[in-house]
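Any read-out appearing in this document is the output of simple, stated calculations on the displayed coordinates, not a laboratory observation. In this text the structure is predicted, and so the values were computed from the model without any measurement. Neighbour counts are summed over all protein chains in view; Cβ atoms, including those assigned to glycine, are modelled from backbone coordinates with ideal geometry.
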C-alpha cells in the first residue's frame with residue numbers, strides 16, 4: 001500500500017519540475033532583456049539587445065543540456081575520454097529576437113570549446129538555436145576545428 005495514495009510517482013514530479021524550471025528561466029531571460037535598454041543601431045542595422053553577464057550565463061545554463069547532447073554526439077569517437085564543456089568554454093556570439101519587440105522567439109548562436117576529462121581541448125564548434133515560447137530547437141552545428149586527441 002502506497003504511503004501517500006494518489007501522489008504522482010517521483011520521476012513524474014522531476015519531469016514537471018524540470019519543465020517548470022525551463023519555462024521560468026526562459027521567461028526570466030525575456031524579462032531581463034525587456035528591462036534593459038537596446039544598443040543604438042548603426043545605419044541600416046536592427047537594434048541589438050544588450051546581453052549582460054548574468055543574462056548571458058542564464059541563457060547558457062538553459063541551453064547547456066542541448067549543447068551537451070550535440071557535442072557528445074559529435075565527439076562520440078573519444079573512446080572512453082569524457083567530454084566536458086566547462087562554463088568558461090562557452091560564449092554567446094549572437095542573440096536576435098526573431099519577431100517584433102516583446103515576442104518570445106529568439107535565435108541564439110553559441111561557440112563552445114569542449115575538453116576531455118583531462119582538460120585538453122578537443123575542438124571548437126558553433127551551435128545555433130531557436131527558442132520559441134520556451135521550446136528550444138538546435139538549427140545548426142558547425143564544427144570549426146579539431147585539436148590533437150590524447
### Query
Most exposed first by the Cβ proxy, i.e. fewest other Cβ within 10 Å, how do 103, 55 rank?
103, 55
### Query
Fewest first, what order do 119, 64 take by the number of other Cβ atoms within 10 Å?
119, 64
## Note on the structure
Stretched fully, the stretch from residue 104 through residue 27 gains (0.36 nm per residue minus C-alpha distance, one decimal, in nm) 26.9 nm
### Task
Within 10 Å of each residue's Cβ, count the other Cβ atoms and sort 85, 122, 135 from fewest upward.
135, 85, 122
